[in-house]
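The values are calculated or read from the model by the stated rules, or taken from the named source; none is laboratory data. Model, not experiment: these values are computed from the prediction. Heads up, the Cβs are rebuilt from the backbone with ideal geometry, glycines too, and the neighbour counts pull from every protein chain shown. Side chains included, ligands, DNA and RNA excluded: accessible areas come from the protein's heavy atoms. Shrake-Rupley method; radii C 1.70, N 1.55, O 1.52, S 1.80 Å.
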Amino acid sequence: MAHLQLSAVAAGGRPAAAGGRADDMEDVALLDSYDEEMGAPPPPPLAGGGADDGEEYAEAHVRVTGMTCSACTSAVEGAVSARRGVRRVAVSLLQNRAHVVFDPALVKVEDIIEAIEDAGFDAEIIPDSAVSQPKTQKTLSAQFRIGGMTCANCVNSVEGILKKLPGVKGAVVALATSLGEVEYVPSAISKDEIVQAIEDAGFEAAFLQSSEQDKILLGLIGLHTERDVDLLHEILKKMDGLRQFNVNTVLSEVEITFDPEAVGLRSIVDTVEMGSNGRLKAHVQNPYTRGASNDAQEASKMFNLLRSSLFLSIPVFFIRMVCPSIPFINTLLSMHCGPFLMRDLLNWVLVSIVQFVIGKRFYVAAYRAVRHGSTNMDVLVVLGTTASYVYSVCALLYGAFTGYRPPVYFETSAMIITFVLFGKYLEVLAKGKTSDAIKKLVELVPATALLLLKDKEGKYVGEREIDALLVQPGDVLKVLPGSKVPADGVVVWGTSHVNESMITGESAPILKEVSSVVIGGTINLHGILHIQATKVGTGTVLSQIISLVETAQMSKAPIQKFADY
């Protein structure tokens, strides 16, 4: 049977304004989720130029490291905004993150990364699964196999039924191929409801694929050799619904783009484990844990640089300030080594290591900034320390050949670099504490959930502990007394009281019984509950709160923008 090629339907959304300001974007981002959740129409495009309704924009969230002040955020915003096709940029110093809205037809994500790196900073794209975004009214195009059609009247009947369904924008059915293509809003109607409607009309129906795609980053345990990599490739190639995948053997990670309408995330994880007979185990990478790990690595790296700089700078300081007061040591340091004094040679060697090995990061960042016509703190550090170092070297050589020894200031450049590194280390620690609010919100979600297993007749036959990130809509979960609710859902069995104070602020426990709504992250107090998950991932209340907190941290008050200027 021939297969009809699926034509992707662009996701609907409000066009972004060209040349829009970062603060405008932040205001809209705060309101979009509320307006769309309440069913209100989105606000009109911002003034100042706009795109045609047919244009489609993409969003990218980039982790930026190396920013130290508001001038750095301005440099990043300027470098990215200068790229053709970029519509809006918002940079958060506290989160080390940039939010970019761009036209994928004119600029690629790689170009945005390159622009940030050229500005003197390190950049890394955050996978789509790592970003908590508000819900959007997007349209999907799905393909169904329809059996039992014998004539044109059957085709018209199926098309008429589909077009009358709420949430269906359009439907086309082909008699020759027994295929139908339906354009629908997934938030209003599901693919299963479409299949059910076709079957209720007396035809056979089965879902094939959709235009939707999602991206997830999975960590892998057991990926050690090329044989393991080949085995993983074979497993993933055989899976239906996978669009593409990229394996990173260094980090033991795999980035997968898949059709969530055709295959679930839990199915991918289970297939990897079963297909390898337990040799490979996949788990979802928590984006916030990953971000905390990056912060810890940056703090560790900065501490090592500071420790090395102190180890070399303290002797230089003592040779200059303390040793002249100790006759024995002063005599040793005043000995000649060729045309140079011993103290000058020691200072020269120690400071050269500090200046060009430990201080290399300043030169690299300053070069990138100057190359793009901007200046930052690294440029100031390089100018000051290089001037001191070059003068001291020239004075040392002049004294060696003329006998007149002018004063040298090697210790100045070494101590400046040491003090700057100390300040940067304190800054990294302080920036890590600013994200404690988000970390505490993330910690409200339990790490695992108890999934109730059903047999073919729909009876519960057991339970299985799974990663809470693998919970899917429709799953029935068991919540024990004293444990946290893993996802937003509805109680289908049991009665208990739930502490919702961490979400709603209500101190009194709330009675929950059948048909009661529960919120993920709240605590079940007394009885056992069976809940059916309705919202998971970025759709949960807790995820929306985290998204709003992140958006608020990226926003700037007018007085702050004036101070930055």
key: Top-ranked residue in the stretch 349-367 [being farther than 14 Å from S413 by Cα and surrounded by 21 or more Cβ atoms within 10 Å (Cβ to Cβ); ranked as modelled with the highest pLDDT]   = A366
ask   = Can you name every residue in the stretch 230-246 that is closer than 16 Å to E273 by Cα and crowded, with 16+ Cβ neighbours inside 10 Å?
value = L231, L232, I235, L236, M239
key: Filtered residues of the stretch 247-267 (kept if assigned to a strand (DSSP E or B) and open to solvent by less than 50 Å² (accessible area, probe 1.4 Å))   = V247, E253, V254, I256, T257, F258
task = Give me a count of the residues in the stretch 76-87 that are more than 12 Å from I112 (Cβ to Cβ) and open to solvent by less than 30 Å² (accessible area, probe 1.4 Å).
result = 0
key: Only one of G527, G489, G462 that is farther than 18 Å from V284 by Cβ, in a loop (DSSP other than H, G, I, E, B) and in contact with a strand residue (DSSP E or B) (Cβ under 7 Å, 6 or more places away or on another chain)   = G527
remark   = Per the filter on the stretch 479-518, residues over 14 Å from T534 (Cβ atoms), open to solvent by 50 Å² or more (accessible area, probe 1.4 Å) and touching a residue at least 40 places away in the same chain (Cβ under 8 Å) are L480, P481, G482, K484, M502
request  = May I ask you to say which residue of L231, L220 is under 30 Å from A98 (Cβ atoms), modelled with pLDDT of 85 or more and aliphatic (A, V, I, L, M)?
outcome  = L220
task = Please enumerate the residues belonging to the stretch 150-166 that are closer than 25 Å to P186 by Cβ and crowded, with 16+ Cβ neighbours inside 10 Å.
result = V155, S157, V158, E159, I161, L162, L165
message = Can you tell me how many residues within the stretch 128-149 are at pLDDT below 80, in a loop (DSSP other than H, G, I, E, B), surrounded by 16 or more Cβ atoms within 10 Å (Cβ to Cβ) and among the hydroxyl-bearing types (S, T, Y)?
response = 1
message = Considering only the stretch 202-225, I want to know if a residue exists there that is among the hydrophobic types (A, V, I, L, M, F, W, C), under 25 Å from the mean Cα position of the chain (by Cα) and open to solvent by 70 Å² or more (accessible area, probe 1.4 Å).
response = yes
message = Suppose we filter the stretch 423-457 for residues that are part of a loop (DSSP other than H, G, I, E, B) and either under 23 Å from I523 (Cα atoms) or open to solvent by 40 Å² or more (accessible area, probe 1.4 Å) (or both); how many remain?
response = 8
Scope the stretch 368-384; condition assigned to a helix (DSSP H, G or I) and either assigned by the TED database to the domain that holds T68 or over 20 Å from K301 (Cβ atoms) (or both); matching residues = A369, V370, R371, V379, L380, L383, G384
